[in-house]
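Q: One structure coming up, written as structure tokens, with questions to follow.
The values are calculated or read from the model by the stated rules, or taken from the named source; none is laboratory data. Note that the structure is predicted; figures quoted are calculated from it, not measured. Glycine also receives a Cβ, built like all others from the backbone with ideal geometry; neighbour counts cover every protein chain displayed.
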Amino acid sequence: MLPRFKPQQVSEHDGKIEVVGSVSSDNFRGQVWLGAKWIGYIGRVGEAPIEGRWFPVGSQWKFVSEDRQALAFKKEEELCLYDGYWGERALIVLAPLSWKKEEFVPTKQWDHEHCGICWATIAASTSMTSFLSSERDIVCPDCYQKYVTARSLAFIEEGPIQPPQTTPGSSAPLRV
């Protein structure tokens, strides 16, 4: 299960929304998702997450956002917590965007694109078909079908396999 954030206090200061609360975990699948001044996202299950920055406050965390929708979060409401990387992808899937099928047309300056979810290459050498959102997000046909149309965040659970640990000062995998 994704890490959770439970607000204790929601306030506004200098045009920014501050949400202070507790987190269930600062990591997910062996990767740290939360740190001082890190970009992150929070949101209700099934809704587009809101971007902000994290700040430690004693044993709790403060999430600071310019998105006024954060004012709607309630005390003790359980919210999904995403790191900056996966939060961007969750936003692509959960935001109310319009999508259209499009053929990628290479130019002299630009010969490929990457899927905004899985980073698959969209180019003449692979598949030229992509889907473009009203916010100019590009996704491959597989991700569009499996995640966007289904509004599924299963790709976070499936996520990349954790890279092998390396010996300090080396790029060689650590043998266990």
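Q: Does the stretch 53-65 include one or more residues that are part of a loop (DSSP other than H, G, I, E, B) and more than 27 Å from CYS143 (Cβ to Cβ)?
A: Of the residues in the stretch 53-65, the ones part of a loop (DSSP other than H, G, I, E, B) are 58-59.
Narrowing the set further to residues that are more than 27 Å from CYS143 (Cβ to Cβ) leaves 58-59.
There is at least one residue in the stretch 53-65 that is part of a loop (DSSP other than H, G, I, E, B) and more than 27 Å from CYS143 (Cβ to Cβ).
Q: Can you name the residue in the stretch 16-51 that is aliphatic (A, V, I, L, M) and assigned to a strand (DSSP E or B) and, of all such residues, is surrounded by the fewest Cβ atoms within 10 Å (Cβ to Cβ)? Give the derivation first.
A: Going through the stretch 16-51, the residues aliphatic (A, V, I, L, M) turn out to be 17, 19-20, 23, 32, 34, 36, 39, 42, 45, 48, 50.
Narrowing the set further to residues that are assigned to a strand (DSSP E or B) leaves 17, 19-20, 23, 32, 39, 42, 50.
Numbers: ILE17: 21, VAL19: 25, VAL20: 17, VAL23: 19, VAL32: 11, ILE39: 14, ILE42: 25, ILE50: 24.
Per the stated criteria, the residue is VAL32.
Q: Take TRP99 and tell me if it is within 23 Å of SER25 (Cβ to Cβ), touching a helix residue (DSSP H, G or I) at 6+ places or on another chain (Cβ under 9 Å) and of a type outside the set (A, V, I, L, M).
A: Working: within 23 Å of SER25 (Cβ to Cβ): no; touching a helix residue (DSSP H, G or I) at 6+ places or on another chain (Cβ under 9 Å): yes; of a type outside the set (A, V, I, L, M): yes.
So TRP99 does not fit the description; no.
Q: Could you check the stretch 100-119 and list, in sequence order, the residues that are at pLDDT 90 or above and either over 20 Å from GLU88 (Cβ atoms) or not assigned by TED's automatic domain parsing to the domain that holds LYS146 (or both)?
A: LYS100, LYS101, GLU102
Q: Next question. When you look at TRP54, is it within 29 Å of THR149 (Cα to Cα) and either buried (at least 17 other Cβ atoms within 10 Å of the Cβ) or among the hydrophobic types (A, V, I, L, M, F, W, C) (or both), yes or no? Show your work before the answer.
A: Values: within 29 Å of THR149 (Cα to Cα): no; either buried (at least 17 other Cβ atoms within 10 Å of the Cβ) or among the hydrophobic types (A, V, I, L, M, F, W, C) (or both): yes.
Considered against the rule, which asks whether it is within 29 Å of THR149 (Cα to Cα) and either buried (at least 17 other Cβ atoms within 10 Å of the Cβ) or among the hydrophobic types (A, V, I, L, M, F, W, C) (or both), TRP54 comes out as no.
Q: Counting just the residues of the stretch 57-103 that are within 18 Å of PRO3 (Cβ to Cβ) and either free of Cβ contacts under 8 Å to residues at least 24 places away in the same chain or among the basic types (Lys, Arg) (or both), which one comes out surrounded by the most Cβ atoms within 10 Å (Cβ to Cβ)?
A: Only one residue tops the list, namely ARG89.
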